[in-house]
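The values are calculated or read from the model by the stated rules, or taken from the named source; none is laboratory data. On a predicted model such as this, the values are computed, not experimentally measured, just so you know. Backbone-built Cβ (ideal geometry, glycine too); neighbour counts: all protein chains shown.
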Amino acid sequence: MQSADRLNTSKTVHVPLILLVLASVSFLIAIFTARSASAQTVTIVDDEAPLLATSSAQASTLPSASPTNLPSPSPENRELTNLREKYRTDLSIYRTDERDYQVAKEQYNKLQTLASLEVAVQATRKVLISRTTVLQDYLGILKLMLNETSGIDVGEKTQLLQELDAAQARLKVHQQLVEQAIDRNLILNSVKDFNTISQDLTTVSYKSLSYLSYGRLQTVYDKTLVVRNEVAAQLEEREKNGLALGEKRRALDEIDRNLAATRDTLNKIHTGFVPVQGMQQPRFTSESFGQTVATLSQVYADLLRNLTFLREVIKP
Amino acid sequence: MTENNKAASTAKPPAKDRASHPAEVNETDVLSNQTTFFEQEVMGESPAELPVDIDPNFAEKEIARKKRKRILILAGTGSIAGLLLVVALLVLIMPEAQQRLTATPSPIPFGQTPTETALSRRLDEVEADLRAADPVKLDAPFPPVNMTTLYLDAPPR
């Protein structure tokens, strides 16, 4: 009887101790694992990296992004990231406001009461304000992206930035008008005011998008041209085999022809952006932008092919 | 009743008498009596157990022993927990081993000169820029907002 008691007592003493030891071992393992994991993990988040267009001279000296050599984001880049974040938030607010506006308007149309009218006026005012905020954010994003994109004529870029500034200023005036619109008539005036500027806003937005798409590919074209010249120089310097040299020269001629065609296409696109005296002014709409993108896609494919050709040429 | 039984009944004294005079039952009688068992006795009339010597301080000693054991367990648990805490703090405070990142020369593909490798790298960079400049993947589409029919009363055209 006594021995059984002793056994039970020893069991009750040992079980928590064993549990404690097990817990401590697992705790230590967890700490070491977490520590080694944190030491090994290198996270690279560089969302905006593709948006950074660099000049061809810079490209040769810029180190490539690698875990050991991370590029630090420029202030403009950080600003762009923040603005994108704000845009996303404001857009979701707009969507909620638009839903509320539709419900309130429907209620008013059904009930035709003063109370429902008041609710509808407030909901309309709210959605008009959120729309203006979203558009302000968007124009700000376009401005920052244009600033970062090379490959656009400096004069044209400056003019486009001024147009974006003017559009933002006009939107600000409209926003003030909407904020003061507390009754049905003032709301109507705000709507009329927006109708006078909406066309300009769309135009300047699509113009910016067209220039952005064009400018990026123009930059890549310029870089390709520089690399092509380097390849040609290296070929003349290193290739001793006359037969192989002749073959590679012919390959370079083919690349030159392709690049010339690409340049012509790019010039054609650019000509379409610039107003010419006595001719119809260029129009920037969603349709025209779609056409620009289709043409630029061909340029993109051509450039990719030329890069593949250049790779073949530098092969020994 | 048989004769044997009669003899047995006469030979066996009543239980009360047996208890009061245990010396009277001798082995020979019992062995000669075939109807009784050796050392048989009436249930409940076993001889009383002798009183065991009980230590008057036994309870106190037992309590003290249990107390000591509890203190030992607590102390052990506390010391292990303290040790764990110290180890955890040491591990957390200990500076991480700095990996020495040295610029190792990239291996040059077979048959390529360093110039060719540099050109190949340049081409890689240009291709990366080109893929980032894909016009189809422009990351700033016009915002999906209602630009035309957001009003309470339709404005005059």
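Before moving on, here are some points about what is shown:
- Test result for A:Ala251, modelled with pLDDT under 95 and either in a helix (DSSP H, G or I) or closer than 30 Å to B:Glu125 by Cα (or both): yes
- Of the residues making up the stretch A:77-134, those that are within 24 Å of A:Gln176 (Cα to Cα) and among the basic types (Lys, Arg) are A:Arg84, A:Lys86, A:Arg88, A:Arg95, A:Arg99, A:Lys105, A:Arg125, A:Lys126, A:Arg131.
- The listed residues are B:Ile108, B:Ile80, B:Ile93, B:Ile73, and the only one of them that is surrounded by fewer than 11 Cβ atoms within 10 Å (Cβ to Cβ) and either aliphatic (A, V, I, L, M) or at pLDDT 80 or above (or both) turns out to be B:Ile93.
- Checklist (1) part of a helix (DSSP H, G or I); (2) hydrophobic (A, V, I, L, M, F, W, C); (3) closer than 15 Å to A:Ser210 by Cβ applied to A:Phe284, failing item: (1)
- Residue count for the stretch A:283-316 under the criterion of being free of Cβ contacts under 8 Å to residues at least 24 places away in the same chain and within 12 Å of another protein chain (Cβ to nearest Cβ): the result is 10.
- Qualifying residue in the stretch A:265-282 (condition: aromatic (Phe, Trp, Tyr), closer than 18 Å to A:Asp153 by Cα, away from every other protein chain (no Cβ under 12 Å) and surrounded by 15 or more Cβ atoms within 10 Å (Cβ to Cβ)): yes
- Selection from the stretch A:172-188 of residues that are within 12 Å of chain B (Cβ to nearest Cβ), assigned to a helix (DSSP H, G or I) and surrounded by 14 or more Cβ atoms within 10 Å (Cβ to Cβ): A:Val178, A:Arg184, A:Leu186, A:Ile187, A:Leu188
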